[in-house]
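Peer 1: Below: one structure in structure tokens.
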Amino acid sequence: MRIGEIAALVGVTPRAVRHYHHLGLLPEPVRRSNGYREYSIREAVLLARIRRLTELGLGLDEVRDVLADDEARELVEVLEELDEDLGRQEVVIRERRARLATLLAEARAGRLAAEGPVSPEFTRLLAGLGEVPDSPMAVQDREHLAFLDAVVPEEKRGSLMATLHGMREHAGEVYGLLDSLADEEPDDPRVARAAAALAALLPDHLAAHFPDKGSGGPADAIFADLAPAQSAAVRRAMELVTERQEGPS
């Protein structure tokens, strides 16, 4: 049999056969005088075994281990491990489908945010925010919220989104102040005013969600995405919140 014939017979592609040769899973057969490979029933049986093992979900390195050991015990152990792994995957798939069902229901009802799919916590926050105000900073803020939803650990996401919910309902004035700082330097006198206005909206415990500058956390990424004067205002607002929380020294 030629390579195309054995591939068609076993149900794989000639490219797969060549790949198995390259990896050493399938020994090179004898070649005819014209240089073409000549496959026998022996190679077909081995190729079919490789196909069946890969269809079960074994990686090619695992297939090599199985083929290298003729004892049935080795194959049983590999298949048992594969069965356990598939069981774990089933649990994950069920959880994903449950989340997907919720998203589908929201999408069919026209309530899925443009940023979706997002977490249930962020979905609730967006529902309370309504339409994005006509403000560049408001649009950027929505992007930052989507970023936080993606990177904040699940166990902390709920409390963070609940904290943000109350303050975002009254952020219109702050958005305007921050918009005015888009092309200014950090020493602009309006930075202090914007920081004070933002700090008045921020709850005391919000600072606990954001590590100090230079920690490499989400806060640093957000600050880097802001214009210099805007970043300075937001940093100062966080400092004011911390000072307020700690009280008079």
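The values are calculated or read from the model by the stated rules, or taken from the named source; none is laboratory data. What you see is a predicted model, and the numbers here were worked out from it, not measured in a lab. Every residue, glycine among them, receives a Cβ derived from its backbone with ideal geometry; neighbour counts consider all protein chains shown. These accessible areas exclude ligands, DNA and RNA; they are computed on the full protein's heavy atoms, side chains included. Shrake-Rupley method; radii C 1.70, N 1.55, O 1.52, S 1.80 Å.
Peer 1: For the range 162-181: of the residues being of a type in the set (S, T, Y) and either assigned to a helix (DSSP H, G or I) or in contact with a Ser or Thr (Cβ under 7 Å, 6 or more places away or on another chain) (or both), which is modelled with the highest pLDDT?
Peer 2: Of the residues in the range 162-181, the ones of a type in the set (S, T, Y) are 163, 175, 180.
Filter again for either assigned to a helix (DSSP H, G or I) or in contact with a Ser or Thr (Cβ under 7 Å, 6 or more places away or on another chain) (or both), leaving 163, 175.
Numbers: T163: 69, Y175: 88.
This residue is Y175.
Peer 1: Would you pick out the residues in the range 18-63 that are of a type in the set (G, A, S), outside any helix (DSSP H, G or I) and modelled with pLDDT of 85 or more? I'd like the intermediate steps shown before the answer.
Peer 2: To start, the set of residues in the range 18-63 that are of a type in the set (G, A, S) comprises 24, 33, 35, 40, 44, 48, 57, 59.
Narrowing the set further to residues that are outside any helix (DSSP H, G or I) leaves 24, 33, 35, 40, 57, 59.
Within the range 18-63, G24, S33, G35, S40, G59 qualify.
Peer 1: Hey, does the range 205-228 have a residue that's open to solvent by less than 60 Å² (accessible area, probe 1.4 Å), modelled with pLDDT of 80 or more, over 27 Å from the mean Cα position of the chain (by Cα) and closer than 14 Å to H144 by Cβ? Steps first, please.
Peer 2: Filtering the range 205-228 down to residues open to solvent by less than 60 Å² (accessible area, probe 1.4 Å) leaves 206-207, 209-210, 217-223, 226-227.
Restricting the remaining residues to those that are modelled with pLDDT of 80 or more gives 220-223, 226-227.
Subsequent filtering for residues that are over 27 Å from the mean Cα position of the chain (by Cα) retains none.
Scanning the range 205-228 turns up no residue that is open to solvent by less than 60 Å² (accessible area, probe 1.4 Å), modelled with pLDDT of 80 or more, over 27 Å from the mean Cα position of the chain (by Cα) and closer than 14 Å to H144 by Cβ.
Peer 1: What are the pairs, 6+ residues apart or on separate chains, where a residue within the range 16-36 that is surrounded by 10 or more Cβ atoms within 10 Å (Cβ to Cβ) has its Cβ under 8 Å from a residue that is among the hydroxyl-bearing types (S, T, Y)?
Peer 2: Listed pairs, sorted by first residue: L26/Y20; P29/Y39; P29/S40.
Peer 1: Continuing with the same structure: Give just the number: which of (1) surrounded by 14 or more Cβ atoms within 10 Å (Cβ to Cβ); (2) at pLDDT below 85 does E184 not satisfy?
Peer 2: Condition (2) is where E184 drops out.
Peer 1: Next up: Which of the numbered conditions does V66 fail, given that it passes all the others? Conditions: (1) open to solvent by less than 80 Å² (accessible area, probe 1.4 Å); (2) touching a residue at least 24 places away in the same chain (Cβ under 8 Å); (3) not in a loop (DSSP other than H, G, I, E, B).
Peer 2: Of the numbered conditions (1) open to solvent by less than 80 Å² (accessible area, probe 1.4 Å); (2) touching a residue at least 24 places away in the same chain (Cβ under 8 Å); (3) not in a loop (DSSP other than H, G, I, E, B), the odd one out for V66 is (2).
Peer 1: Checking V78 against (1) at pLDDT 80 or above; (2) of a type outside the set (S, T, Y); (3) in a helix (DSSP H, G or I); (4) more than 25 Å from the chain's Cα centre (by Cα), which test does it fail?
Peer 2: Of everything listed in (1) at pLDDT 80 or above; (2) of a type outside the set (S, T, Y); (3) in a helix (DSSP H, G or I); (4) more than 25 Å from the chain's Cα centre (by Cα), V78 misses just condition (1).
Peer 1: What number of residues within the range 100-118 satisfy the criterion of being out of contact with any Ser or Thr (no Cβ under 9 Å at 6 or more places or on another chain), outside any loop (DSSP other than H, G, I, E, B) and modelled with pLDDT under 80?
Peer 2: Going through the range 100-118 one residue at a time, the tally reaches 5.
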